[in-house]
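Report on the following structure.
Quick note: the coordinates plus some simple rules give every number you see, no bench work behind them. Owing to the predicted nature of the structure, the values given are computational and were not obtained by experimental measurement. Ideal geometry is used to build each Cβ from the backbone, glycine not excepted, and the neighbour counts take in all protein chains shown.
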Amino acid sequence: MGPELTGPEPMKVKSDPRTWGDATKLVRGGLDRSAHGETSEALYLNSGFVYDAPETAERRFAGEDDGYVYGRYGNPTVTMFEERLALLEGAEACYAVASGMASVFGALACQLKAGDHLVSSKALFGSCYQIVTSILPRFGIRTTLVDGTDLDAWKEAVTADTKCVFLETPSNPGLEILDIEAICAIARSKGATVVVDNIFATPILQRPLTYGADVIVYSGTKHMDGQGRVLGGAIVSTRKFKDELLKPFLRHTGPSISPFNAWVLLKGLETMKLRVEAQSHAALTVAETIATLPGVERVLYPHLDSHPQAALARKQMRLGGTMVSFEVSGGKQKAFEVLRRLRIIDISNNLGDAKSLMTHPASTTHRNIGAEARAAMGITDGMLRLSVGLEDVADLIGDLKQAVVS
Ligand SMILES: *Cc1c(COP(=O)(O)O)cnc(C)c1O
C-alpha cells in the first residue's frame, strides 16, 4: 500500500470490499483516491518519488515505511490494479508485470534454481513452451512434459524431487481442459507448487485458487485490456510467495509494467465481466453453428457436448470461454482460403479482444515449436483459432458461413 495522503478524513463509512460481488470488486476494488477526490482512478505517470527528509528515504529503503521509492519497485496506479485483481481472485497478493510472458517467466524462475525439477502440461502457448523446454533448461532446470489430460502421467512425472508444476487450461489453441483440482492434489502430495496459466479462462470464468492452485499467471494484454491497446501481465499468489520469491526476483530483473498500461488494464477490469460473459455466450452460439458447416471436420469449444472434456469444463469453468478452435478439411491451403475470405473478422494472433480475430496457429503462434511438437499438441495444418468479440453474433455467423462454405 502507498503512503497516507493528507486529504480530508473520510466522512462515509465504507463497506468491506471482500463482501462485494465480482462486478462491484471490478469497478471499485483497490480504488485509492488522492486528496483531490478524483472519480476515476488517477494515473501516476512518474518513475521516481521524492522524500520530505533524508530520514524518510532511509526508512523506506529499510522497509520500515511502506511508501514508494522507485517505479521499478512500485507505483500507486500499479498498486490499484494489483489490489483490484487480488480482491477479485480472493487472493492475498498480486504482482503486476510488463506482459503475460513476464508473468509466466517470473512465476517460474523466481522459485527454481539449477537442479530443480519442473513438470508441465505439454499443450502450451508457444512462448510458454519455449520457456519450459528451452530457456529454463539452459539454467540447469530439469523439465518433464506430460499429456495434461492424463492424470496417470502426472502421477508418474511428479516425484518427491519436483519443485513446481505448470499447467495451462484451457490450452491454446487446442482448448484442452485439465483437471486443476486433481493435478493440484498430485502436486501437493509431493510438496510441489502449482502455477496455472488462466489466461484463456480469465478470473471471470475459472478460479484455480479454489481448486488448490498456488499461483496464477495472467496476460493483461488479452481479456483484461480487451480492446487491443496495451501489453501487461499479473501474478496472483499468497503474500508469502510475493514477498519472499517474486519481489526479490522481479525488482532486480526489472520486467515492470508501465503505470500507463496498468491504468488501461485497471479501467479494462471494470468492464471485463460484461465483456467476457457476452463474448462467451456468443462463442457458444458461433461454435454450435460452425459445427454444422460442411468442410468442418472438428470444432473444439469447452462447453460443447462434443468436447472430450465437456463435463470437466462445465465443472471448473462457469461459461465455455471466448475462444473457439476448428479444423477444416483441406489443410493449410483451405485454412488460408477461409482467412482470406473473411469480411468482418480480422486475421490476427491476438485474442480476448472486442474485435473478433482469427489465426492459423500452425503458421503463427505455434510455428516455432516445430511440426513434431505441434502434432503432439493436436495442432493440425487445417486448424483455425477464433477469438469471439463483441460484434452482433448474426454478423459473425454470416461472415463465417460465407468464408468457410466456398
Ligand atoms: C498470450 C498468452 C500468453 C502471453 O501473454 P503476453 O501478454 O502476450 O506476453 C501466455 N499464455 C497464454 C495462454 C496466452 O494466450
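A few remarks follow.
- When residues of the range 368-406 are limited to those that are surrounded by 14 or more Cβ atoms within 10 Å (Cβ to Cβ) and of a type in the set (Lys, Arg), the one nearest to the chain's Cα centre (by Cα): 385
- When the residues of the range 108-129 are filtered to those that are within 11 Å of the ligand (Cβ to nearest atom) and part of a helix (DSSP H, G or I), the one that is surrounded by the most Cβ atoms within 10 Å (Cβ to Cβ) is 128.
- Checked against the criterion of being in contact (Cβ under 8 Å) with a residue 12 or more places away in the chain and within 16 Å of the ligand (Cβ to nearest atom), the range 235-245 has at least one qualifying residue.
- Screening residue 268 against (1) surrounded by 18 or more Cβ atoms within 10 Å (Cβ to Cβ); (2) within 20 Å of residue 147 (Cα to Cα); (3) touching a helix residue (DSSP H, G or I) at 6+ places or on another chain (Cβ under 8 Å) leaves a single unmet condition, (2).
- Complete set of residues in the range 52-72 that are in contact with a strand residue (DSSP E or B) (Cβ under 9 Å, 6 or more places away or on another chain) and not in a loop (DSSP other than H, G, I, E, B): 70
- Set 156, 176, 168: member being free of Cβ contacts under 8 Å to residues at least 40 places away in the same chain and charged (D, E, K, R): 156
- Failed criterion for residue 348 (all others in (1) within 16 Å of the ligand (Cβ to nearest atom); (2) buried (at least 16 other Cβ atoms within 10 Å of the Cβ) hold): (2)
- With respect to (1) within 16 Å of the chain's Cα centre (by Cα); (2) crowded, with 22+ Cβ neighbours inside 10 Å; (3) assigned to a helix (DSSP H, G or I), the lone exception for residue 273 is condition (2).
- Condition met for residue 149 (in a strand (DSSP E or B) and of a type outside the set (A, V, I, L, M, F, W, C)): no
- For the range 344-401, the tally of residues that are touching a helix residue (DSSP H, G or I) at 6+ places or on another chain (Cβ under 9 Å), free of Cβ contacts under 8 Å to residues at least 24 places away in the same chain and either within 14 Å of residue 324 (Cβ to Cβ) or aliphatic (A, V, I, L, M) (or both) stands at 2.
- Each residue in the range 21-38 was checked for being under 20 Å from residue 90 (Cβ atoms) and exposed (fewer than 11 other Cβ atoms within 10 Å of the Cβ), and 1 pass.
- Flag if residue 228 is within 16 Å of the ligand (Cβ to nearest atom), in contact (Cβ under 8 Å) with a residue 24 or more places away in the chain, within 22 Å of residue 215 (Cβ to Cβ) and small (Gly, Ala, Ser): no
- Residue match in the range 79-89 (condition: surrounded by 18 or more Cβ atoms within 10 Å (Cβ to Cβ), within 14 Å of the ligand (Cβ to nearest atom) and farther than 21 Å from residue 188 by Cα): no
- Residues of the range 159-176 that are farther than 19 Å from residue 240 by Cα and either of a type in the set (Lys, Arg) or surrounded by fewer than 24 Cβ atoms within 10 Å (Cβ to Cβ) (or both): 159, 160, 161, 162, 174.
- Annotation: of all residues in the range 177-201 being within 12 Å of the ligand (Cβ to nearest atom), touching a strand residue (DSSP E or B) at 6+ places or on another chain (Cβ under 8 Å) and not in a strand (DSSP E or B), the one that is nearest to residue 100 (Cα to Cα) is 199.
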